[in-house]
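Accompanying notes for the structure given below.
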Amino acid sequence: MEKKKADLILTNCYLFTMDARRRIIENAAVAIRDGKITSVGKTNEILSGYDGNPHDCKGSIVHPGLIDAHEHVAWHLVRDIVPDTFTVSDVWEKYENPIVNSITAEDEEYSLLLAAAEMAVNGTTFFGDTGGARFTDGIFKGANVVGVKGYTSHGISDDYTPELKIMEYPYDKCIRLFRYQLDKYKRSRTMPIGAHVGLPGMEHTSAKLMKAGKALSQEYGVQMQVHTCVYESEIEWFRKTYNRTPIEWLDSLGVLDEHTTLVHVIHTSDRDLDILEKRKPCVIHCPGASFRYGLGAMRVGRFKEMLDRGIKVALGTDSGNWCDGLDIFQQMYLACVGHREANCEYPGLTREDAFEMATINGAYALGVADECGSVEVGKAADLVIHSSTRPEMVTPHCERLMGMVYSGQSRTIKDVLVDGEFIVRDTKTTKIDMEAMAPVFAAKQRDMLNRMGYKMTRSWPVDITD
């Protein structure tokens, strides 16, 4: 019997499929052709039926590419500079305001390039960015280099906070900007990062624009992503202004369904959860952002209850300034342990919950569950391969998922594939040379900070003399 052709065959894998049965296959193989998964099974079975270039995973863990469902990456050049002493209002006034008033299209281009490289080496193959860029073309130029997939957006709204007024536009211009990016940057194999509908939500988006954004997302077949229920003050504002919670207000507009994704969703009522269960929007939990600024997600967030009600809950880093790093394994760990510590309850969210949130649920949250989020025939070959020789990985008789979430995490990642192509090989990005680019990123950051007039706050005195 003639063997079928494959471009690449991953062999000897310890495979987390994240399929409907959540199968784990020991000594597994994955056959890949034209960027798609063509067969999944035991290594001897796949090799008996397929010819292709073999890649021996040597018994190491292989799993679907991770999905960071919520970020703000247009400012990634200037992350890690917000001091711990800043309040949330300080962040808006002293950090974000100088950024939006001084940033250039080139800054945004290099921010996206840097962010994509960081995501890649940490195992993220797909991301969602609600929006924050001022210069649409710059972000997409920088984004579509490394090979990571995703959605991003110009920072579009019609009622921004005073610190971000430079990003506020009249309703008609908001619609023109959305149509421009949705028409020009439609995601494809050759343009892995495209545009979707991202809105700030909270108190910063009018009802008219919210409904128009939903109509655009339906017209273009993309998800609409909106922040909501982030702060207690936001809940008070909605009750005072509309006599409703933010979730009740969104429901009254008719914009909640499985193609809408809500970010943070920390402060919720019983009625809110009933609405979410009925309407089925996806929810993105951002543990790191809440830990960073004490937003309350661990104390009052009801994410386990949402999962129990059948609501799809994903994970996001919310970087740059809200969490700083682009590492979904960190978010998995925080999601598991944070709720237990805050509520003195065990287990709360488990490692299985967290890994689902970081893979298949993330795919649902970004509207791409038919493409990625699990290792199944017909889906894109977006895969992560861990090292089998890192100290965290040389005791294979432990519970492997526990080992990944609690100990190994992203530092054991060795190779990453997107559409069957290695975008990370032996821990290094294949599309850009980070050693060569490091001084370029440093110079771009220094220039941007100078234009911002930002005074760095340091923990201890630093001797910078020669």
(request) Scan ALA105, ALA117 and give me the residue that is in contact with a helix residue (DSSP H, G or I) (Cβ under 8 Å, 6 or more places away or on another chain) and either more than 21 Å from LEU182 (Cβ to Cβ) or touching a residue at least 40 places away in the same chain (Cβ under 8 Å) (or both). (result) ALA117
(message) Would you confirm whether or not the range 421-443 contains a residue that is buried (at least 18 other Cβ atoms within 10 Å of the Cβ) and charged (D, E, K, R)?
(response) no
(message) Given the condition farther than 21 Å from ARG451 by Cα, surrounded by 21 or more Cβ atoms within 10 Å (Cβ to Cβ) and either charged (D, E, K, R) or free of Cβ contacts under 8 Å to residues at least 40 places away in the same chain (or both), answer yes or no: does some residue in the range 136-151 qualify?
(response) yes
(request) Test ALA6 against the stated conditions and say whether it is buried (at least 18 other Cβ atoms within 10 Å of the Cβ) and farther than 30 Å from PRO281 by Cα. (result) yes
(request) Return the residue satisfying two criteria in turn: it lies in the range 269-295 and is of a type in the set (Asp, Glu) and touching a residue at least 24 places away in the same chain (Cβ under 8 Å), and of such residues it is nearest to ARG309 (Cα to Cα). (result) GLU277
(request) Return the only residue of LEU8, LEU15 being of a type outside the set (Val, Ile, Thr), outside any loop (DSSP other than H, G, I, E, B), within 25 Å of the chain's Cα centre (by Cα) and closer than 17 Å to ALA381 by Cα. (result) LEU15
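Residue-by-condition table, conditions (1) part of a strand (DSSP E or B); (2) within 13 Å of HIS267 (Cα to Cα):
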site: GLU277; (1), (2): no, no
site: VAL283; (1), (2): yes, yes
site: SER290; (1), (2): no, yes
site: ARG299; (1), (2): no, yes
site: MET306; (1), (2): no, yes
site: GLY310; (1), (2): no, no
site: ALA314; (1), (2): yes, no
(request) Kindly establish whether ASP318 is crowded, with 22+ Cβ neighbours inside 10 Å and more than 22 Å from GLY201 (Cβ to Cβ). (result) no
(request) Residue by residue through the range 148-171, note down the ones that are closer than 24 Å to TYR95 by Cβ and part of a loop (DSSP other than H, G, I, E, B). (result) SER153, GLY155, ILE156, ASP158, ASP159, TYR160, THR161, TYR169
(message) Name the single residue that is farthest from the chain's Cα centre (by Cα) among those in the range 245-272 being among the acidic types (Asp, Glu) and in a loop (DSSP other than H, G, I, E, B).
(response) ASP257
(message) Against the definition (closer than 25 Å to LYS4 by Cα, modelled with pLDDT of 95 or more and either among the aliphatic types (A, V, I, L, M) or more than 22 Å from the chain's Cα centre (by Cα) (or both)), how does ALA69 come out, yes or no?
(response) no
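Results for (1) charged (D, E, K, R); (2) outside any loop (DSSP other than H, G, I, E, B); (3) in contact (Cβ under 8 Å) with a residue 12 or more places away in the chain; (4) more than 30 Å from ILE193 (Cα to Cα), shown as yes or no for each residue.
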position	(1), (2), (3), (4)
GLY373	no, no, yes, no
VAL377	no, no, yes, no
GLY408	no, yes, yes, no
LEU417	no, yes, yes, no
PHE422	no, yes, no, no
ALA436	no, yes, no, no
ALA442	no, yes, no, no
ARG446	yes, yes, no, no
PRO461	no, no, no, yes
(message) Looking only at the range 21-58, count every residue that is in contact with a helix residue (DSSP H, G or I) (Cβ under 9 Å, 6 or more places away or on another chain) and either assigned to a loop (DSSP other than H, G, I, E, B) or of a type in the set (Asp, Glu) (or both) and tell me the total.
(response) 1
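Conditions (1) closer than 23 Å to GLU118 by Cα; (2) in contact (Cβ under 8 Å) with a residue 12 or more places away in the chain; (3) part of a loop (DSSP other than H, G, I, E, B); (4) in contact with a Phe, Trp or Tyr (Cβ under 7 Å, 6 or more places away or on another chain), marked per residue:
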site: ASP318; (1), (2), (3), (4): yes, yes, yes, no
site: MET332; (1), (2), (3), (4): yes, yes, no, yes
site: HIS339; (1), (2), (3), (4): no, yes, no, no
site: TYR346; (1), (2), (3), (4): no, no, yes, no
site: PHE355; (1), (2), (3), (4): yes, yes, no, no
site: ASP370; (1), (2), (3), (4): no, no, yes, no
site: THR395; (1), (2), (3), (4): no, no, yes, no
site: MET404; (1), (2), (3), (4): yes, yes, no, no
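Yes or no, residue by residue, for (1) at pLDDT 95 or above; (2) surrounded by 23 or more Cβ atoms within 10 Å (Cβ to Cβ):
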residue	(1), (2)
ALA289	no, yes
ARG292	no, no
VAL300	yes, no
ARG309	yes, no
TRP322	no, yes
ALA335	yes, yes
(request) State which residue pairs qualify: first residue touching a residue at least 60 places away in the same chain (Cβ under 8 Å) and inside the range 230-250, second residue of a type outside the set (A, V, I, L, M) in any location, beta carbons under 8 Å apart, and separation of 6 or more residues or different chains. (result) VAL230/HIS264; VAL230/HIS267; TYR231/HIS267; GLU232/HIS267; GLU232/GLY296
(request) Identify the single condition in (1) modelled with pLDDT of 95 or more; (2) not in a loop (DSSP other than H, G, I, E, B) that VAL145 does not satisfy, given that it satisfies every other one. (result) (2)
(message) Condition first: closer than 30 Å to HIS285 by Cβ, surrounded by fewer than 24 Cβ atoms within 10 Å (Cβ to Cβ) and either in contact with a Leu (Cβ under 7 Å, 6 or more places away or on another chain) or among the hydroxyl-bearing types (Ser, Thr, Tyr) (or both). Can you find one or more residues in the range 30-49 that meet it?
(response) no
(request) Only residues that are crowded, with 18+ Cβ neighbours inside 10 Å, of a type in the set (D, E, K, R) and either modelled with pLDDT under 95 or assigned to a loop (DSSP other than H, G, I, E, B) (or both): list them for the range 202-244, please. (result) none
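The values are calculated or read from the model by the stated rules, or taken from the named source; none is laboratory data. Every value quoted in this text rests on a predicted model; they were computed, and no experiment measured them. Quick reminder, even Gly has a Cβ in these numbers, built from the backbone with ideal geometry, and neighbours come from all protein chains shown.
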